[in-house]
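The values are calculated or read from the model by the stated rules, or taken from the named source; none is laboratory data. Everything numeric in this text was worked out from a predicted model, so none of it was measured. No Cβ is skipped: glycine too gets one built from the backbone with ideal geometry, and neighbour counts run over all protein chains shown. Side chains included, ligands, DNA and RNA excluded: accessible areas come from the protein's heavy atoms. Shrake-Rupley method; radii C 1.70, N 1.55, O 1.52, S 1.80 Å.
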Amino acid sequence: DMKVTQMPRYLIKRMGENVLLECGQDMSHETMYWYRQDPGLGLQLIYISYDVDSNSEGDIPKGYRVSRKKREHFSLILDSAKTNQTSVYFCASSPGQGADTEVFFGKGTRLTVV
Amino acid sequence: GDSVTQTEGQVALSEEDFLTIHCNYSASGYPALFWYVQYPGEGPQFLFRASRDKEKGSSRGFEATYDKGTTSFHLRKASVQESDSAVYYCALGAPGKLTFGDGTVLTVKP
């Protein structure tokens, strides 16, 4: 069963706390992504990872960092969370590094920073 | 940079109506074009793609034709159902990146 799994699904954190969002995939996909989704703004790319320890900034990387130590696992870290990082975060994966392949998404993590 | 524009933010239809959601793109080169659908509480799901001029992508009764001349990839369905209510995203594939439009909320009334 091809799946991208995100944990946790819901998270409430206080401003200034550190946040760890975890993502796993069981398809051995090389490429993994982190997006955030806000009303009226669609999906914005935060980071992309082409394989283990091969990460690149997306369109909105400020305030985030990522870690990929195993091909099937990709983490998003917020050091000292801010209220404007309240959002729904989606992890995704795709085979290869091509531009025309299907991207598989997880169900998302709804993060609230208070 | 690459961008995708979806004209309609919201579309409200009745069952069996014809659907059109307009998508235009701006990109260098020859990108792949996609439609994704998102249901409440879920992540976006791949609907279909097209990779070259005049190619038609289709799935579940939805279809779109890649038009390089007008830089468009409009989504159409002849007869919508209540179960088609969702958010639809047009997307553009560049190497290592998928750029999404802002999405169109489709509501279908029975």
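Observations, loosely collected:
- Net +/- balance of residues flanking B:Thr107 in space, Cβ distance below 15 Å, scoring K and R +1, D and E -1: -4
- Top of B:Lys77, B:Lys56, B:Lys97 by mean-square fluctuation, Gaussian network on chain B, Cα under 10 Å: B:Lys97
- Interface burial in region A:16-53, defined as at least 10 Å² less accessible area with all protein chains than with the chain alone at a 1.4 Å probe, covers A:Tyr33, A:Tyr35, A:Gln37, A:Gly40, A:Leu41, A:Gly42, A:Leu43, A:Leu45, A:Ile48, A:Tyr50.
- With R₀ set to 25 Å, the beta-carbon distance separating A:Thr86 from B:Ser83 gives a calculated FRET efficiency near 0.20.
- Sorted largest first, the principal axis extents computed over the alpha-carbon atoms of chain B equal 42, 28, 21 Å.
- Comparing mean-square fluctuations of B:Pro95, B:Pro44, B:Pro31 from a GNM of chain B with C-alpha springs under 10 Å, the top value falls on B:Pro95.
- Spin-label proximity, B:Tyr30 to region B:61-76 - amide N less than 16 Å from point 7 Å beyond Cα toward beta carbon: B:66-72
- Carbon-plus-sulfur accessible fraction, the protein assembly as shown (probe radius 1.4 Å, protein heavy atoms only): 48%.
- Reported to the nearest whole Å, the Cα centre-to-centre distance from region B:36-95 to region A:80-114 is 20.
- For region B:89-105, there are no residues whose amide N sits under 13 Å from a probe point set 7 Å from the Cα of B:Arg52 along the beta carbon direction.
- Cβ neighbours within 10 Å from other chains - mean over B:42-49: 6
- With a 10 Å cut-off around each Cβ of A:70-80, the average count of Cβ atoms from other chains is 0.
- Listed residue (B:Trp35, B:Val105, B:Phe18) projecting farthest to the positive dipole end of chain B, Cβ model: B:Trp35
- Gaussian network model of chain A, Cα within-10 Å springs - most flexible of A:Gly16, A:Gly96, A:Gly42: A:Gly42
- About its Cα centre, the protein assembly as shown has a charge dipole of approximately 500 debye under the convention of +1 per Lys or Arg Cβ and -1 per Asp or Glu Cβ, with nothing else charged.
- Accessible area that becomes buried as B packs against A, both chains, 1.4 Å probe, Å², nearest 100: 1600
- Minimum 40 Å² accessible area buried by the other protein chains, region A:88-111 residues, probe 1.4 Å, relative to alone: A:Ala99, A:Asp100, A:Glu102, A:Val103, A:Phe105, A:Lys107
- Beyond 28 Å, the tail of the calculated P(r) for the protein assembly as shown holds 30 percent of the Cα pairs.
- The label point for A:Glu17 and the one for B:Tyr39, both projected 7 Å from the Cα toward the Cβ, are 3.2 nm apart.
- Taking other residues whose beta carbon is less than 15 angstrom from the beta carbon of B:Ser83, and scoring Lys, Arg as +1 and Asp, Glu as -1, yields -3.
- 5 angstrom amide H check on B:Asp67, placed H, neighbours 5+ away: B:Lys54, B:Ser72
- What the Cβ-Cβ distance of A:Ile60 and B:Arg76 gives, at R0 = 45 Å and to the nearest 0.05, is a FRET efficiency of 0.90.
- Projected-area mean, region A:48-114, by convex hull of Cα positions, square nanometres: 5.0
- Residues in the protein assembly as shown average 47 Å² of solvent-accessible surface per residue, probe 1.4 Å, ligands and nucleic acids excluded.
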